[in-house]
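J.: Encoded as structure tokens, here's the structure I'll be asking about.
The values are calculated or read from the model by the stated rules, or taken from the named source; none is laboratory data. Everything quoted here is computed from the prediction, not taken from an experiment. Positions of Cβ are generated from backbone atoms using ideal geometry, with glycine treated the same way; all protein chains shown enter the neighbour counts. Please note that ligands, DNA and RNA were not included when accessible areas were found on the heavy atoms of the full protein model with its side chains. Shrake-Rupley method; radii C 1.70, N 1.55, O 1.52, S 1.80 Å.
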Amino acid sequence: MAWQKSVVALAAAVVLPLTGVMAGSSVAAAPEGDVSASALPLGSSAAVNGQLKVCGVKLCNQAGQQVQLRGMSTHGIQWFSQCIKTASLDALATDWKADVLRISMYIQEGGYETNPRKFTDMVHGYIEEATKRGMYALVDWHQLSPGDPNHNTARAKTFFKEIAQRHKNKTNIIYDIANEPNGVSWSRVKSYAEAVIPTIRAEDPDSLILVGTHGWSTFGLSDGKDINEVSRNKVNASNLMYTFHFYAKSHRDSYLNALKTVSSQVPVFVTEFGSQEASGDGPNDFTMANKFITFMNQAKISWTNWNFSDDHRTGAVFKGGTCSGNSFAGEGPLKDAGKWVRNHIRANR
């Protein structure tokens, strides 16, 4: 949840061109041009499922069949871009068999606002790399502090206009326009969404859009609000889902019950969760986490786990120092949380 605010900034990664990327190099700025839908690997999840559409309260593929995406979120790309490179992305797509890569671009905290051109180009690059591997690219506008997304409305419009212009012909792009609104009413989040979404739709009328809910994307539960408020006052937009976040050691049955309730009312995508405390650290509670996973699988709720890095916290899937090398496949490089989530992504593939 809000634990990201305590991360100590690492040295910013040098932005390198994608052309000629070697196995050990970080992925960064994209070349001009586009990887079209036809470039998706034959048989990959994004190629088979194609353009995603909301059907009732579920997520469906281009054939109208219900689908569940399972994958990983990057850590903040201003700190851990060294973990997102050719070898790690190959492992995520082929060894982990992930459907989706959530690209976590912070806005403040040394992120987008410090260098919009650099970070926009980094996201372009990650989108292309996910596409080459047949994964969905979930572009996460990782606003966190301040918690009112309206603080970043102008920045969001600028960023998403360019992203949508370049990638509108892809069938594997997902836009997440507000990570974890907090300390703000649902009506304020809704007004932000209805201000930003038309900017995307002017360029890309079809792709899936996600919006975070108040209370750090808990439908207001973490703020003590009525979780049914969203269903009573939905965002006026098409092909839209709402996001829910949880950390199983801290967020117990009340959060699981909330997820069950809200996902029966509106379309829900769990874009961030962990088996640890809300700090992203501390002991894993796999028993509680498995309760969430079991329900999400039964209800076909798509999810991305936090996070695909070698940060020292227990919620980072790789052991310390892994990202300086090129060995990411199998269980060897993984912490306990990494082994657990890899197994759940690979299940029934």
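J.: What does the charge add up to near Gly183, with Lys and Arg as +1, Asp and Glu as -1, over the other residues with Cβ less than 11 Å from its Cβ?
T.: Net charge in that neighbourhood comes out at -2.
J.: Expressed as a rounded percentage, what relative contact order does region 208-349 have, with Cα pairs under 8 Å and six or more residues apart? Mind showing how you got there, number by number?
T.: On the way: 231 pairs, mean separation 23.9, N = 142.
Once normalised by length, the contact order is 17 percent.
J.: Oh, and also: Test of understanding: what is the full-extension gain from Thr114 to Asp253, defined as 0.36 nm times their sequence separation minus their Cα-Cα distance?
T.: Gain on stretching Thr114 to Asp253: 46.1 nm.
J.: With a ≥ b ≥ c the root eigenvalues of the C-alpha gyration tensor of region 307-349, is it rounded (a/c under 1.5), prolate (a/b larger than b/c) or oblate? Mind showing how you got there, number by number?
T.: Numbers: a/c = 2.53, a/b = 1.51, b/c = 1.68.
The shape class here is oblate.
J.: Something else about it: For the chain, what is the Kirkwood hydrodynamic radius in Å, using each pair of distinct C-alpha atoms?
T.: 19.6 Å
J.: So which GluC sites (Glu not before Pro) in region 252-349 pass both tests, a DSSP loop state and at most 12 other Cβ atoms within 10 Å of the Cβ?
T.: Glu331
J.: Which cross-chain or sequence-distant (5 or more) residues have an amide H under 5 Å from the amide H of Arg70, H modelled 1.01 Å from N in plane?
T.: Under 5 Å from the amide H of Arg70: Asp99, Val100, Trp303.
J.: Separate question: Take every DSSP beta bridge whose two residues both sit in the chain, then give the antiparallel share in percent to the nearest 5.
T.: Taking every DSSP beta bridge with both residues in the chain, the antiparallel ones total about 15 percent.
J.: Radius of gyration and Dmax for region 83-179's Cα atoms, expressed in Å?
T.: 13.5, 40
J.: Excluding residues on the same chain fewer than 8 positions from Lys225, give the lysines whose Cα lies under 20 Å from its Cα.
T.: Hits, sequence-local ones excluded: Lys190, Lys234, Lys260.
J.: Over the chain, with every protein chain in place, what whole percent of the accessible area is carbon and sulfur at 1.4 Å, could you tell me?
T.: 50 percent
J.: Let me ask something additional. Mind giving me the nanometre distance, one decimal, between the label points for Lys234 and Lys339, set 7 Å out from Cα along Cα→Cβ?
T.: Between Lys234 and Lys339, the simple spin-label model gives 4.3 nm.
J.: Turning to a different aspect of this structure: Considering only Ala178, Ala39, Ala164, give the residue with the highest GNM mean-square fluctuation for the chain, with springs between Cα atoms whenever their separation is below 10 Å.
T.: Maximum among the listed residues: Ala39.
J.: Another one. When only C-alpha pairs under 8 Å and at least 6 residues apart count, what is the relative contact order of region 251-334, in percent? Working shown, then result.
T.: Values: 91 pairs, mean separation 20.7, N = 84.
Relative CO of region 251-334 lands at 25 percent.
J.: Mind checking which of Asp226, Asp90, Asp311 has the largest fluctuation in a GNM of the chain, springs on alpha carbons under 10 Å?
T.: Per the Cα network of the chain with a 10 Å cutoff, Asp226 tops the list.
J.: Give the average over all directions of the projected area of the C-alpha convex hull of region 183-297, one decimal, in nm².
T.: That works out to 7.3 nm², a quarter of the Cα hull's surface.
J.: By how many nm would the segment from Ala299 to Cys55 lengthen if fully extended, with 0.36 nm per residue of separation less the alpha-carbon distance?
T.: Working: separation 244, 0.36 × 244 = 87.84 nm, distance 1.34 nm.
Full-extension gain reported as 86.5 nm.
J.: As a test of the formula, what do you get for the chain when each DSSP H run with n ≥ 4 contributes -39,500 (n - 2.57) and the sum is divided by the residue count, at 222 nm and rounded to the nearest 500 deg cm²/dmol?
T.: Calculated from helices alone, the mean residue ellipticity at 222 nm is -8500 deg cm²/dmol.
J.: So, in nm, how far is label Ala195 from label Gln68 when the simple model puts each one 7 Å beyond its Cα toward the Cβ?
T.: Roughly 3.7 nm, to one decimal.
J.: At most 15 other Cβ atoms within 10 Å and a DSSP loop assignment: could you name the trypsin sites (Lys or Arg not before Pro) in region 238-294 that fit? It would help to have the intermediate numbers written out before the result.
T.: On the way: sites: Lys249, Arg252, Lys260, Lys291; in loops: Lys249, Arg252.
For trypsin sites (Lys or Arg not before Pro) across region 238-294 that sit outside H, G, I, E and B with at most 15 neighbouring Cβ atoms in 10 Å, the list reads Arg252.
J.: Using 19 Å as the Cα-Cα cut-off, could you pick out the over-long pairs in Lys249/Lys339; Lys85/Lys170; Lys249/Lys335?
T.: On the way: Lys249/Lys339 17 Å; Lys85/Lys170 21 Å; Lys249/Lys335 17 Å.
Pairs exceeding 19 Å: Lys85/Lys170.
J.: Calculate the translational D of region 144-219 in whole µm² s⁻¹ from Stokes-Einstein, where the hydrodynamic radius comes from the Kirkwood formula applied to all Cα pairs, the temperature is 20 °C and the viscosity 1.002 mPa s.
T.: After rounding, the answer is 172 µm²/s.
J.: Quote the relative contact order of region 132-183 in percent (integer), defining contacts as alpha-carbon pairs under 8 Å separated by 6+ residues.
T.: 64 percent
J.: Next question, about the same structure. Which order do you get for Ser279, Ser263, Ser254 if you rank them by accessible area with a 1.4 Å probe, largest at the top?
T.: Sorted by accessible area, descending: Ser254, Ser279, Ser263.
J.: Sticking with this structure for a sec: Out of Leu42, Leu101, Leu89, any idea which swings most in a Gaussian network model of the chain, alpha carbons joined below 10 Å?
T.: Highest fluctuation among the options: Leu42.
J.: Near Lys168, which lysines are there with a Cα under 17 Å away, not counting those fewer than 8 places off in the same chain?
T.: Lys53, Lys132, Lys157
J.: Accessible area per residue of region 140-182 at 1.4 Å probe, in Å²?
T.: About 27 Å² of surface per residue is accessible.
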